[in-house]
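Here the structure is laid out as structure tokens; the discussion comes afterwards.
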Amino acid sequence: MPLRRIPGLAAAQARPQRGSPRPVVERIAGWSARHAKTAVFGWFGLVAAAFLVGQLLGTQNLPQYDPGQAGQGEQMLHQLNVVSPATESVLIQPRGRGAASLTFANDRQMRQAVAAVAAALRRLPFAATDISAPSLATGRLASAAPSSASRASAPRSSRGGAASLISANGHSALVTFDVAGPHADVNSTVAADLAAVARVQAAYPELIVAEAGSASTSAAGNSLLESDFHRAEFSAIPITLILLLVVFGAIIAAGIPVVLAASAVAATISLLAIPSLWLPIRSGTSEIVLILGMAVGVDYSLFYLRREREERAAGRSAAEALQIAAATSGRAIVISGLTVMISLAGLFLSGIEVFTGMAFGTITVVGVAVAGSLTVLPGLLSMLGDWADRGRIPVLGRRRTEARPSRLWAALIRRVVRRPLAWGGAAVLALILLTVPALGMRLGNPLVDLPANVPVAQTLARISAAFPGTPAPAEVVATGQNLDRPAVRSAVAALEARASATGPIRGPITVTPVASGRGLILEVPLAGSGSGPVSNDALLTLRNQVLPETLGRVASVSLAVTGNTATDYDWDTTLRARTPIVFAVVALLAFLILMIAFRSLAIPLVSVILNLLSVGAAYGVITLIFQDGWLQGLFGVSGNTVIAQWVPLFMFVFLFGLSMDYHVFILSRIRERCTRGMSTCEALTSGIAASAGVVTSAAVIMVAVFSIFATLSFVDVKTLGVGLAVAVLIDATAVRGILVPAAMALLGERSWYMPRRLRWLPGRKLHESEGDSGLAPQTATSP
């Protein structure tokens, strides 16, 4: 099917316009329209090149360290080439009727199953090492403690101490072992271990014979993550396409935003191979890039395409329609994209490595989506011409591109403008009430970040119930030369002398030389349960008092304390210290961009405040659902009592940028009408009512895309998806329909106030005619 270029477009774009030179966005659109084939095929050529680069380089798996001293300890261990073997546990329990009366001592099948598990593990090509099982003769401990299994998701664990592998009531037994082979191959090796245990389970159907531990948990998590990514990939595009078909009523017009967004996502995910050479890029980054890229990519293309189609429907020539779309929606896309990217850049200030890769990926996909909307989209529209409206759906095929202001929104805005204090006050009060639950938000990390229906998670829960265990000890990593010299031994003895049964430092303390004597690993039990004030105080006592007074006094010895307690504490401390900095910097930079874009002090201030309100309301909703238990069953969550530590900060930078999308597009429409001589109150009603259809469509698509997160497996990802969807919904309804018009109605013409001393800043002044940039005067249209 041949594509026809828009007649006379190249000539129209070549004609000089008033107010030359035209803005960069218009010049880019003009070049793309004049060189449509170069722009379109060049874009897809770049996407293909990015894919080839990604395939050739491959995404590297660089080590990722936790923040603070815990991360320093992990780096020291990495430099010493110390890798803790992955620890697994096999649980053997009776099941069915009479199970309560069966114990390891009186049930021959349990004892046989224990022996069968140990034998099966030894027969593997990569035989498990350090296998520990209850003694068949005495029913007592052979070696090892089960406490590490209850903390299987931790980066390092310790078995230390002599504890029974038979539960206190005798109904459960454990076989513990270390996964054999290179650490890099642990996922494939543990698969063989799991298969061996499954064969034993098949031989003893009256027993529960199930394996869980750090390696099996990691393997299950990776498998779920891959499955989630494919589910999100195959859900996001069809859902988006269906909604766009409803918006445009034509297959080709609906397909354009999907193709551009999908190509931006594909290019970005491929290009992540480049920063992975020096940054830790995790597989979860691709999932975030996919959802965010589809959301913003479709939004940007939708606004641009809808504006161009509406101008054509209003009788504009093809050249005028593209020029107007570039000058209005194109300019708004640039402002919105910059705001989103700057907000996401706030993640670099967090001091947490896991955010670094996410920040790089999300900033890149937004930048690529903006570039595609400004460059390839005008060329594609030039090539398609009237074909963009072909492929109409019989039921939906009526003219969807005509600019029909919404009577419902117009009626609402008129009421808000007449009584801004009452309407605005009610909306603010409602958002504050939604925010209140967030004041009780508890941050933390679940012991196992897997859904409860995953077999390995169920096994871990059974092990934790049968073997309560003790928290993993703190790990003191010491490096230096001649660590076997008397001064070091004396300091270690002094450290051991500080341990007591009731003090913050408990015993016994174990010391393990590593790396040919270049390092020592000291496992120091702490008071408390491993988390909470008691354990944190014990950790600080170890770091700030005990170690400086013992090993810290030995010359040329470097120390760092890591482990589960240290990791959780350092995460919490880093987030508490850095979050206000991230909030302040992101808000300030967004304020500056909006001030330059709209040449106003009040507009960016109102936008920042309203964004904070919508983010606070989203925080309150996720607290009610994922912490306090409201509607948890709807999202397949049970027993969750904390919000994952990374979610609130990540939500903030996401939402602060994304919320600006609708602010920028709506404010651009209002400002456009003010330049034509309307009062601010008149422009409010006209601008918001005229843009209601396209903004609502964009919001529905973004909410639908973010809601895909809520269907995925991991609780923290569900939390993020629900929070993002709720905030976008609030922005597109309460903020757009009530708070923005109420605030601007109260301010009136002061909305556009700019102090004289700041008027040197770049940007188009309010009194300048849009025609000065080559934009013809118009009647009411939408973005």
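So, residue 633, is that one over 24 Å from residue 335 (Cβ atoms) and either surrounded by fewer than 18 Cβ atoms within 10 Å (Cβ to Cβ) or of a type in the set (Asp, Glu) (or both) or not? Here the answer is yes, as residue 633 does meet what is asked.
With respect to the conditions (1) free of Cβ contacts under 8 Å to residues at least 60 places away in the same chain; (2) of a type in the set (S, T, N, Q); (3) in the same structural domain as residue 268 (by TED's automatic domain parsing), residue 59 lacks only one, and its number is (1). Restricted to segment 607-659, and to residues that are among the polar types (S, T, N, Q) and more than 17 Å from residue 710 (Cβ to Cβ), which residue is farthest from the chain's Cα centre (by Cα)? For segment 607-659, the residue satisfying everything is 607.
When 622, 603 are checked against the criterion of being in contact with a strand residue (DSSP E or B) (Cβ under 7 Å, 6 or more places away or on another chain) and not small (Gly, Ala, Ser), 622 stands alone in meeting it. The set of residues in segment 77-103 that are in a helix (DSSP H, G or I) and crowded, with 20+ Cβ neighbours inside 10 Å contains only 77. If we scan segment 558-569, do we find a residue that is touching a Ser or Thr at 6+ places or on another chain (Cβ under 9 Å), over 30 Å from residue 653 (Cα atoms), β-branched (Val, Ile, Thr) and not in a helix (DSSP H, G or I)? No; the residues of segment 558-569 include none that is touching a Ser or Thr at 6+ places or on another chain (Cβ under 9 Å), over 30 Å from residue 653 (Cα atoms), β-branched (Val, Ile, Thr) and not in a helix (DSSP H, G or I).
So that you can scan it fast, the table gives a plain yes or no per residue for (1) of a type in the set (S, T, N, Q); (2) out of contact with any His (no Cβ under 9 Å at 6 or more places or on another chain); (3) in a loop (DSSP other than H, G, I, E, B):
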residue	(1), (2), (3)
623	yes, yes, no
628	no, yes, yes
649	no, yes, no
652	no, yes, no
657	no, yes, no
660	no, yes, no
664	no, yes, no
673	no, yes, no
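Could you say which residue among 729, 720 is within 19 Å of residue 648 (Cα to Cα) and surrounded by fewer than 24 Cβ atoms within 10 Å (Cβ to Cβ)?
729
Checking each residue in segment 215-245 for being acidic (Asp, Glu) and either in contact with a Ser or Thr (Cβ under 6 Å, 6 or more places away or on another chain) or modelled with pLDDT of 80 or more (or both) picks out only 228. Take the conditions (1) within 26 Å of residue 234 (Cα to Cα); (2) over 20 Å from the mean Cα position of the chain (by Cα); residue 337 misses just one of them, which is (2).
Across segment 553-573, what is the total count of residues that are of a type in the set (Lys, Arg) and on the phi > 0 side of the Ramachandran plot? Adding up the residues that qualify gives 0. Identification of strands (runs of 3 or more DSSP E) wholly contained in segment 420-534 with 2 or more residues that are in contact with a helix residue (DSSP H, G or I) (Cβ under 6 Å, 6 or more places away or on another chain) yields 474-480.
Among the residues of this structure, residue 687 does not count as one that is at pLDDT below 80 and assigned to a helix (DSSP H, G or I).
Is there a residue being part of a helix (DSSP H, G or I), surrounded by fewer than 23 Cβ atoms within 10 Å (Cβ to Cβ) and either acidic (Asp, Glu) or touching a Cys at 6+ places or on another chain (Cβ under 7 Å) (or both) anywhere in segment 353-376? Yes, that holds for at least one residue. Only residues that are part of a loop (DSSP other than H, G, I, E, B) and touching a strand residue (DSSP E or B) at 6+ places or on another chain (Cβ under 6 Å) were counted in segment 633-647, giving 2.
For segment 111-150, the set of residues classified as under 19 Å from residue 459 (Cα atoms), polar (S, T, N, Q) and at pLDDT below 80 consists of 147, 148, 150, listed by residue number.
Could you please give the count of residues in segment 475-513 that are of a type in the set (Gly, Ala, Ser) and under 23 Å from residue 71 (Cα atoms)? Show your work before the answer.
Taking segment 475-513 and keeping what is of a type in the set (Gly, Ala, Ser), we get 478, 480, 487, 490-491, 493-494, 497, 499-501, 503, 507.
Those left that are additionally under 23 Å from residue 71 (Cα atoms): 478, 480.
Count: 2.
Here residue 455 fulfils each of the conditions (1) outside the structural domain of residue 548 (by TED's automatic domain parsing); (2) touching a Lys or Arg at 6+ places or on another chain (Cβ under 9 Å) apart from (2). Across segment 397-427, the qualifying residues are those that are at pLDDT 80 or above, within 35 Å of the chain's Cα centre (by Cα) and of a type outside the set (A, V, I, L, M, F, W, C), and the one among them that is nearest to residue 47 (Cα to Cα) is 424. Any chance you could count how many residues in segment 203-243 are assigned to a strand (DSSP E or B) and either crowded, with 21+ Cβ neighbours inside 10 Å or in contact with a His (Cβ under 8 Å, 6 or more places away or on another chain) (or both)? Total satisfying the criteria: 6. I'd like to check something: does segment 656-668 contain any residue that is among the β-branched types (Val, Ile, Thr), crowded, with 20+ Cβ neighbours inside 10 Å and within 30 Å of residue 301 (Cα to Cα)? Yes. The single condition among (1) part of a helix (DSSP H, G or I); (2) modelled with pLDDT under 90; (3) surrounded by 19 or more Cβ atoms within 10 Å (Cβ to Cβ) that residue 712 does not satisfy is (1). Of all residues in segment 523-572, those satisfying the criterion of being under 13 Å from residue 70 (Cα atoms), out of contact with any strand residue (DSSP E or B) (no Cβ under 8 Å at 6 or more places or on another chain) and surrounded by 21 or more Cβ atoms within 10 Å (Cβ to Cβ) are 564, 567, 569, 570, 571.
Tallying residues that are more than 16 Å from residue 717 (Cα to Cα) and either in a helix (DSSP H, G or I) or modelled with pLDDT of 85 or more (or both) within segment 255-294 yields 25. Within segment 383-396, the set of residues being loosely packed, with under 14 Cβ neighbours inside 10 Å and either at pLDDT 75 or above or within 25 Å of residue 316 (Cα to Cα) (or both) comprises 386, 390.
The values are calculated or read from the model by the stated rules, or taken from the named source; none is laboratory data. What you see is a predicted model; the values in this text were computed from it and never measured. Every residue, glycine among them, receives a Cβ derived from its backbone with ideal geometry; neighbour counts consider all protein chains shown.
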